[in-house]
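Take a look at the structure below.
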Amino acid sequence: MHRTVRLDLGRLIGRAAMAGRRGASASVAAGMVPVAQGGDGGGSVRIPAAFCHLVGLKPSVGRVSAGPGKSSRWGHSVPAVVTRTVRDTAAVLDAVSGGAPGDLGGPAPLPPGGLAAMVGRDPGRLRVGVLAHAPDHAPQVADEVREAVLDTARILERLGHEVEEAYPARMLEPRCLEAFFDALSVTAAQSVEALTRELGEEPGPDDLDPVTWLWVRRGREITGLELADALVWQNGLRAAMAHWWQGFDLLLSPVFATPPGPVGWPWREPDGLQKSVDVLTFTAPFNTTGRPAIAVPAALTESGEPIGIQLAAAYGREDLLVSVAALLEAERPWASHRPQVFPAEGM
């Protein structure tokens, strides 16, 4: 889609779907389609889902094959979908999960009956860590977003789960996003090189999204040693987060630190390159580590803008995400929200 899509949930979410799968999420929210597919390489499914009052589940790496004959160039991006309900998301993932020749492997098989069977099933008493703040180097969590996270924590506690403030500390270190950004930028540059060979001419800034072009330029400046250092750091992050999940079942956090901003924010600002990565504080670590995470609606701001929360689990535990997300959906029925759709100004 080449035009801005504006929605109204209560009042206006003209800011809907700022990241990756903008048209897809807006189309599902508008009721044009029940499900839309996308790739989540840093939050590109979860963030638009949160901004459009939808469900977006990033599966474990390897759960859904990109094959045959194709794979993520950098191992972070996975096929995913956005839907209006947890059951729809679970049903689609049941249908598309599985490997293909050439895959490097994947998580354990889905539970009997698939993920859809987890909707309405008691997951048992779970230990849930809560992260409701951002590090100093990143955009700070808005009060309305923090309250949505804490209110979700209270719901989970009332449902019988053990809830406490706890999180993998390394995911908040500055190097976490720096290493992610290095790998992402090199991948963007390599993708353009491959496209140039295929088309016979090099795409320029007029052919690419502005922030993608900034990533390409940055990727061309990174040395092989810098990329290797980033990948080594990311391997350490995977190990650290795997250790954290030995003591917890879920991590509850924001999807995004603030409610949706104006269309084009932050990519069109002078420091949009840096902001385009800083805003991924809560989503990108689960791409780096390959762990599953789901965004679900939690609240609306006073002006009617959606706020989503994120639940993340250990590798291969999409079953827990679906089960708990369905419990939250029962507590906060969100599928009835039907936005108005109207053209953006100036169209």
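The values are calculated or read from the model by the stated rules, or taken from the named source; none is laboratory data. As the structure is a computational prediction, the values presented were derived from the model and not from experiment. With ideal geometry, Cβ positions are generated from the backbone for all residues, glycine too; neighbour counts draw on all protein chains shown.
Just checking, how many residues over region 310-337 are among the β-branched types (Val, Ile, Thr) and within 15 Å of Val45 (Cβ to Cβ)?
0
Considering only residues of region 170-186 that are assigned to a helix (DSSP H, G or I) and free of Cβ contacts under 8 Å to residues at least 40 places away in the same chain, which is surrounded by the fewest Cβ atoms within 10 Å (Cβ to Cβ)?
Pro174
Among the residues of region 131-152, is any among the β-branched types (Val, Ile, Thr), in a helix (DSSP H, G or I), in contact with a helix residue (DSSP H, G or I) (Cβ under 9 Å, 6 or more places away or on another chain) and modelled with pLDDT of 95 or more?
For region 131-152, residues among the β-branched types (Val, Ile, Thr), in a helix (DSSP H, G or I), in contact with a helix residue (DSSP H, G or I) (Cβ under 9 Å, 6 or more places away or on another chain) and modelled with pLDDT of 95 or more: present.
Among the listed residues Pro79, Pro59, which satisfies the condition of being under 29 Å from Asp182 (Cα atoms), at pLDDT 95 or above and either surrounded by fewer than 24 Cβ atoms within 10 Å (Cβ to Cβ) or not β-branched (Val, Ile, Thr) (or both)?
Pro59
Would you confirm whether or not region 215-223 contains a residue that is among the hydrophobic types (A, V, I, L, M, F, W, C), out of contact with any Leu (no Cβ under 8 Å at 6 or more places or on another chain) and not in a helix (DSSP H, G or I)?
First pass over region 215-223, keeping only residues among the hydrophobic types (A, V, I, L, M, F, W, C): 215-216, 222.
Within this subset, residues satisfying the condition of being out of contact with any Leu (no Cβ under 8 Å at 6 or more places or on another chain) are 222.
Now narrow it down to the ones that are not in a helix (DSSP H, G or I): 222.
Yes, region 215-223 has at least one match.
Please find, within region 97-152, the residue that is farthest from Arg175 (Cα to Cα) out of those that are of a type in the set (Lys, Arg) and out of contact with any Ser or Thr (no Cβ under 6 Å at 6 or more places or on another chain).
First, pick out the residues of region 97-152 that are of a type in the set (Lys, Arg): 121, 125, 127, 146.
Now drop any that are not out of contact with any Ser or Thr (no Cβ under 6 Å at 6 or more places or on another chain), which leaves 125, 127, 146.
On the way: Arg125: 34, Arg127: 28, Arg146: 24 Å.
Filtering first and then ranking leaves Arg125.
Within region 55-62, is even one residue of a type in the set (D, E, K, R) and outside any strand (DSSP E or B)?
Among the residues of region 55-62, not one is of a type in the set (D, E, K, R) and outside any strand (DSSP E or B), which makes the answer no.
What about Glu157, is it surrounded by 13 or more Cβ atoms within 10 Å (Cβ to Cβ) and without any contact (Cβ under 8 Å) to a residue 60 or more places away in the chain?
The answer is yes for Glu157.
Would you mention how many residues in region 158-169 are under 16 Å from Pro254 (Cβ atoms) and either under 20 Å from the mean Cα position of the chain (by Cα) or part of a helix (DSSP H, G or I) (or both)?
Final tally of qualifying residues: 2.
Just need a number here: residues in region 187-206 that are in contact (Cβ under 8 Å) with a residue 24 or more places away in the chain and in contact with a Ser or Thr (Cβ under 7 Å, 6 or more places away or on another chain).
1
What number of residues within region 94-108 satisfy the criterion of being surrounded by 11 or more Cβ atoms within 10 Å (Cβ to Cβ), of a type outside the set (A, V, I, L, M, F, W, C) and part of a loop (DSSP other than H, G, I, E, B)?
Of the residues in region 94-108, 6 are surrounded by 11 or more Cβ atoms within 10 Å (Cβ to Cβ), of a type outside the set (A, V, I, L, M, F, W, C) and part of a loop (DSSP other than H, G, I, E, B).
Return a yes/no flag: does region 235-243 have any residue that is assigned to a helix (DSSP H, G or I), at negative phi and at pLDDT below 85.
Within region 235-243, the subset assigned to a helix (DSSP H, G or I) is 235-243.
Going one step further and asking which of them are at negative phi, we end up with 235-243.
Add one more test, that the residue is at pLDDT below 85, and what stays is none.
Checked against the condition, which is being assigned to a helix (DSSP H, G or I), at negative phi and at pLDDT below 85, region 235-243 yields no hits at all.
If Leu208 satisfies every condition in (1) assigned to a helix (DSSP H, G or I); (2) over 30 Å from Val130 (Cα atoms) but one, which is the exception?
All conditions pass for Leu208, except number (1).
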